[in-house]
Each structure stands twice: as structure tokens, then as C-alpha cells.
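First comes the structure, then the notes that go with it.
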Amino acid sequence: MFRNVTTTNRPDGKIDKQFIYRKIKVLSEATEGEVSSISTLINSGMIYYMHLLADESGKINVKDLKYVTDRFGLSVNSLSPHSSYKTLAKKHKEALEANYNVAFANL
């Protein structure tokens, strides 16, 4: 979906926000409105990554969500990281089960 930023003609290698908006618009049109924001795209990626972390029996442990938070740069409550992982699990539980038939082992 996104080209390598080195192909742009900007000397600093960065892309502007209008480029992102145009790409999201194209993605929205291609998916008939299902993916219409950056948040939807990020959440979709998180759900897919959780699916990859599941074991052979289709179970994922809440502790495995540390890898998800690290990969996607999510902040975790330092006083209670387990509660942050559980909140993330509850947010994506339904979509993970519906799309990939993966469930959380100890939610």
C-alpha cells in the first residue's frame, strides 16, 4: 500500500500527511469502506499478529500480548502491565475469534 519513502522527492525522506490521506482513501474505496482510518488499519494488524502468536490449538496467552504492545508501540501501565494486556485482549477478543478462530487461554 505504501511506497518506500526514499522514492519521494523530499530531501529528508519523509512523506506528508496528504500522502497518507490519499492512500487511506484508496484503501477505503478498495474495501468498500471497511478500512477507513489509520486506527482500523492498526487494529487489523494487531489482530493478525495475535493470530500468528497463537499455539497449535488456537489459544493465545494474555502474557503473549507483550510482544504485540512492543511491536505496535502501545503504552503499558507500568504499575499493572497485566491489566493493560487484559484490556487489549478484551478489545480484540471477538474479532480474533470470528476471523481466525483463536481464543485467549486465560482471560
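Give the residues of region 54-107 that are within 21 Å of S39 (Cα to Cα), surrounded by 13 or more Cβ atoms within 10 Å (Cβ to Cβ) and among the aliphatic types (A, V, I, L, M), sorted by residue number.
L65, V68, L74, V76, L88, A89, A95, L96
Which of the residues that make up region 65-107 are polar (S, T, N, Q) and closer than 17 Å to A54 by Cα?
Matches in region 65-107: T69, N99, N101, N106.
Just to be sure I understand, how many residues within region 43-86 are in a loop (DSSP other than H, G, I, E, B) and out of contact with any strand residue (DSSP E or B) (no Cβ under 8 Å at 6 or more places or on another chain)?
Counting residues in region 43-86 that are in a loop (DSSP other than H, G, I, E, B) and out of contact with any strand residue (DSSP E or B) (no Cβ under 8 Å at 6 or more places or on another chain) gives 11.
Among the residues of region 87-95, is there at least one that is under 15 Å from M46 (Cβ atoms) and in a loop (DSSP other than H, G, I, E, B)?
no
All of the numbers you see were taken from the coordinates with simple rules; none came from a lab. Keep in mind it's a predicted model, so treat the numbers as computed, not measured. Quick reminder, even Gly has a Cβ in these numbers, built from the backbone with ideal geometry, and neighbours come from all protein chains shown.
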